[in-house]
Amino acid sequence: MVMLARYRSITLPIVLASVSVVLSIGLLVGWTYLVVENVALSHQVVANSWLLVAGNLAFIIIMTILILFSIFQVRVILEGRRQISFIDSVTHELRSPLASLKLSVQTLERRKLTDQQRDRLHHIMIDDLDRLSAFIDDILEASRLGEGMADHQMVEIDLAELVERTAGRVRRRFKAPDEAIRIEVPEGLRLVSDPTCLETVLRNVLDNAVKYSDEPVEVVLRAKVLKGERVSIEVRDRGIGIPPDQLRRVFQRFYRVDTESVRQRRGTGLGLFVVSSLVHTLGGELGAESDGLGLGTTMRITLPLAGKEGVSLGRPRKGRSA
C-alpha cells in the first residue's frame, strides 16, 4: 500500500476531472445547439421547462462533485507523500542516535579505556538520549495536538533562565560554540506559562535556526515586554531563508519547503507545526518573516505575560522539566 502511495501521481485525478468537465460541457453545448436548431424540439422543451431546469441543476451538481472529488484526491495524495517523507525522516532521526549509542556501548566494553575517555563516551550517550527524548516528545506532542488534546499547567517562569537552558541543549546537539546563539533577554523578565510547552517551542525554533544556517552560524534570540501585557520573543538567523509565498505553509504538519537546501537537511516537518499549535494553545501568536532564499528567517512569538485565561495555575506535570 505504501509503495502504491509512493508512485501515485496527482496528475491522474486532475486529468480525469478535466476530461469529465470537458465532456459535460460538450454535452450541454450540443444539447443547447440541438434545441436551438430544431424548432419542433424547442417547442417541446418549452412545454417541459421543468425538465430543462432539472437537467441544468443536475449538470451543475455533477460538475461540483467532480471538482470537489478531484481536489480531495489531490489533497489525499499530497498528504500521503508527506507522510512517506515523514516516515523516512523519522527512520533516519532514530537510526542516527541509536547507532551512536550502540557504538558507545561497544566501546565501553573495552577494558583499556582511560577515565577521560569513559567520561567523554558518557557525555555522548547522554546527548544522544536527550536527542531521542526530545524527538519522541515532539512526535507525541504533535499527535496530542492533532487530536485536539491540550492540558497545560501554568506557573511563573524566569524567561532568561529557561532560554539559557534551552539554548545550551541546542548548542550541545549541534556542537556549536557559545557565540553561535546570542541571547538578549532582560534579567528578571518573568511570565506565567507552561514551562515544558514553552521550552519545546524555544527548542524547536532555535533548533531550526541553527540547522538551516550555514557556517558560521549566527542566531540571535531577543525578548522584550510589549505594553506591560505581552512578551515578544524574536529568533533571527542568517540562514537559507524561506520563499515569501511559503511563509504560512511552513506551519502545516509534515510540510517542508521544496528546495535543495532544505532537502539536504533531515527533518520531519513536525517542528513548526508543534510550535504553532503550542503557541496558540498558550494564548499567543506566531509569525515568520523572510526576504527570500539565502536571506535568513525571523520567527516572532508573542505570549501573554499573565498566561492564557481559563488555564489553571499549578505545579508542572510530573516527568516534565520546569
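The values are calculated or read from the model by the stated rules, or taken from the named source; none is laboratory data. Being a predicted model, the structure only gives us computed values, none of them experimental. We place every Cβ from the backbone using ideal geometry, glycine too, and count neighbours over all the protein chains shown.
Brief remarks on what is shown
- Residue list for segment 208-237, restricted to those being in contact with a strand residue (DSSP E or B) (Cβ under 8 Å, 6 or more places away or on another chain), of a type in the set (Lys, Arg) and either assigned to a loop (DSSP other than H, G, I, E, B) or crowded, with 17+ Cβ neighbours inside 10 Å (or both): ARG230, ARG236
- LYS227 meets the conditions (1) on the phi < 0 side of the Ramachandran plot; (2) out of contact with any helix residue (DSSP H, G or I) (no Cβ under 9 Å at 6 or more places or on another chain) in every case but one. The failed one is (1).
- Count of segment 252-275 residues which are hydroxyl-bearing (Ser, Thr, Tyr) and under 15 Å from SER213 (Cβ atoms): 2
- Residues in segment 180-200 that are of a type outside the set (A, V, I, L, M, F, W, C), buried (at least 16 other Cβ atoms within 10 Å of the Cβ) and assigned to a strand (DSSP E or B): SER193 alone.
- Residue in segment 103-130 that is farthest from the chain's Cα centre (by Cα), counting only those that are surrounded by 11 or more Cβ atoms within 10 Å (Cβ to Cβ), more than 21 Å from GLY168 (Cβ to Cβ) and not hydroxyl-bearing (Ser, Thr, Tyr): LEU113
- Members of segment 134-161 found to be modelled with pLDDT of 90 or more and touching a strand residue (DSSP E or B) at 6+ places or on another chain (Cβ under 9 Å), listed by number: VAL155, GLU156, ILE157, ASP158, LEU159, ALA160
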